[in-house]
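Computed from the coordinates by the stated procedures, all read-outs in this text should not be read as laboratory data. Please read all numbers here as calculations on a predicted model, not as lab measurements. Note that each Cβ is placed from the backbone with ideal geometry, even for glycine, and that neighbours are counted across all protein chains shown.
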Amino acid sequence: MLINGIINPHLLSLIARVRHTNMLVIADAAFPFWPQIETVDITLVKGIPTVLQVLEAIRPNYVLGQIIMAEEFKSHNDRKTVDEFARAARGATRRFEPHLEFKKRVPHAIGLVRTGDTTAYGNMILVSA
């Protein structure tokens, strides 16, 4: 029985299959469903869990090289939120691109984790190193 770290078996299974240069999406509650990729929906209620809580939980078992986010994130959120996401990205290269380009990458990800987050454009594509 798992008692430490991530205990959600579906999420653990997905993370265990990530290899070098694979992409994993951590998305907000409103992010569209993508039938061609595996989705682990861990939404509990609005705001729980957040994208940053999921990122923090998976970091011990994920070799993170790059984080891709929508350019619109920076203009639709206050400085405090932008800074929180920057701190959470510690050690990873961050890249911003238009939201429509971001969405074109999603079908190429190994999977998607849906959260209860409501941060505008707070979705992330994690690229493993």
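Normalising by residue count, the range 20-125 has a Cα convex hull of 97 Å³ per residue. Relative to the Cα centre, the charge distribution of the chain, modelled as +1 at Lys and Arg Cβ and -1 at Asp and Glu Cβ, gives a dipole magnitude of about 280 debye. Ranked by the mean number of other Cβ atoms within 10 Å of their residues, highest first, the peptides 117-129, 39-51 come out as 117-129, 39-51. Using 0.36 nm per residue and subtracting the Cα-Cα separation, the extra length available between ARG95 and LYS80 on full extension is 3.5 nm. Near the amide H of ASP41, within less than 5 Å, lie the amide hydrogens of ARG114, all on another chain or at least 5 residues away, with H placed in the peptide plane. For the chain, the longest principal axis of the Cα atoms and the long axis of helix 79-88 meet at an angle of about 40 degrees.
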